[in-house]
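Structure record follows, encoded as structure tokens.
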Amino acid sequence: MQEISPEKLSEQLRNDGGKPLVLDIRHREEFEEWHIPGSINVDVYDELTDNPEQAKRSLSDLSREEEIVTVCAAGVVSETATQVLKELDYDAVTLTDGMNGWSRVHRHAKVPANLEGALIQVARPGKGCLSHVLISDGEAVVFDPSHYLDEYDAILDEHDADLIGVFDTHAHADHVSGAAELADRHGVPYYLHPKDALAIDATPIVDGQTVTVGSLDIVVIHTPGHSEGSVSFDIDGAALITGDTLFHESVGRVELGVEAGIEDSDVEQNAATLYESLQRLLNRPDDTVVLPAHDPDSPEPPVTATLAEIKVRNTDLGRDRDEFVKELASDIPDHPPNFERVKRTNVGQESVPTDELAELELGPNNCAAE
């Protein structure tokens, strides 16, 4: 069966010409929840599973001008779709591992920031995740890495930099962190605030602490609310890594740690705490480049905005304290898939076998308040 790798499909979709038609054959509700941008949905999953001949009528009206890439959750039923399309004389291939494979794709680009060094943003379009690599004078640190560690080692090699530390802004709820493993691989500290390092071996960081990387200073800002141990990082006064505390058009959710059973606080208390944390960030210079840990779409790096731009775009920041708490505590969107297990894994309370990680975090991140 002819296939296309997720990485090759990603490259084709980024090019201006010759893009394939991405055909998602999953159920409509699954497609609407999470899909490859620009793809179309023809819900023939049941037909392809039970009697592929029945799917031919629904698939016969597709365009014949482009190659078709078929997609399902894991690349199994979409293989049948590709076979049916070939019988109908279409040029078709299957996306290897389906949406599971798409979730592995990473892209990176340099962040435009006034820094004596390089700040590289690593985007994971299938999850909407953003992580960052800071490099200065041959030293490097990584913020919020995924568990696909080779992506970060390749950047370190490209810049001939030695890793000296790995940071998590918080214990994530949508994906399994690779920070502890990356730090262990290189024999360097893994930094996580003690409020989120419940049962994991991490080097503690505290509010106001400074960590130096080459000629750059990273100042820790404790910004709880999304989680009790959430922190942001001020990089030399020019860039601000905000984790899930502040997004470009939203703010972090406040109930995930409570509902995962790892926080003793309540949702209203967390919302009030988050409000106060945001005030600390908003006092910084308007030209500060804000770099969150997520973008809700399929991010094409670099995803950046200045603090001044965010103050205009982000309606959550225009609410007074009472309205802010009321909105965040009452408007609860869909949870990230398996968020309880993901949170417990990232705080060290659960261990997930490596071969189960991809399936555990499969799906949209949903870590922003709506």
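The table that follows gives values for the structure above.
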read-out	value
Selection count where residues are in a loop (DSSP other than H, G, I, E, B), modelled with pLDDT under 90 and of a type in the set (A, V, I, L, M, F, W, C), scope segment 339-361	1
Cross-chain or 6+ apart pairs with Cβ under 8 Å, segment 50-74 first and of a type in the set (S, T, N, Q), then open to solvent by less than 40 Å² (accessible area, probe 1.4 Å) and in a helix (DSSP H, G or I)	Thr70/Ser78; Thr70/Ala81; Thr70/Thr82; Thr70/Leu85
Residue within segment 108-120 that is on the phi > 0 side of the Ramachandran plot, surrounded by 22 or more Cβ atoms within 10 Å (Cβ to Cβ) and in contact with a helix residue (DSSP H, G or I) (Cβ under 8 Å, 6 or more places away or on another chain) present	no
Test: residue in segment 139-155 that is closer than 22 Å to Glu32 by Cα, in contact with a Pro (Cβ under 7 Å, 6 or more places away or on another chain) and of a type in the set (Phe, Trp, Tyr)	no
Candidate set from segment 140-176 (those that are in a strand (DSSP E or B) and without any contact (Cβ under 8 Å) to a residue 40 or more places away in the chain); member that is nearest to Val258 (Cα to Cα)	Val166
Filtered residues of segment 281-302 (kept if open to solvent by 20 Å² or more (accessible area, probe 1.4 Å) and either in contact with a helix residue (DSSP H, G or I) (Cβ under 7 Å, 6 or more places away or on another chain) or not polar (S, T, N, Q) (or both))	Leu282, Arg284, Pro285, Asp286, Asp287, Asp295, Pro296, Asp297, Glu300, Pro302
Single residue of His186, His294, His193 found to be closer than 20 Å to Pro145 by Cβ and over 21 Å from the mean Cα position of the chain (by Cα)	His186
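The values are calculated or read from the model by the stated rules, or taken from the named source; none is laboratory data. Not measured: the values here are computed from a predicted model. A quick note on method: Cβ atoms are made from the backbone with ideal geometry, for glycine too, and the neighbour counts reach across all protein chains shown. For accessibility, only protein heavy atoms count, side chains too; no ligands or nucleic acids. Shrake-Rupley method; radii C 1.70, N 1.55, O 1.52, S 1.80 Å.
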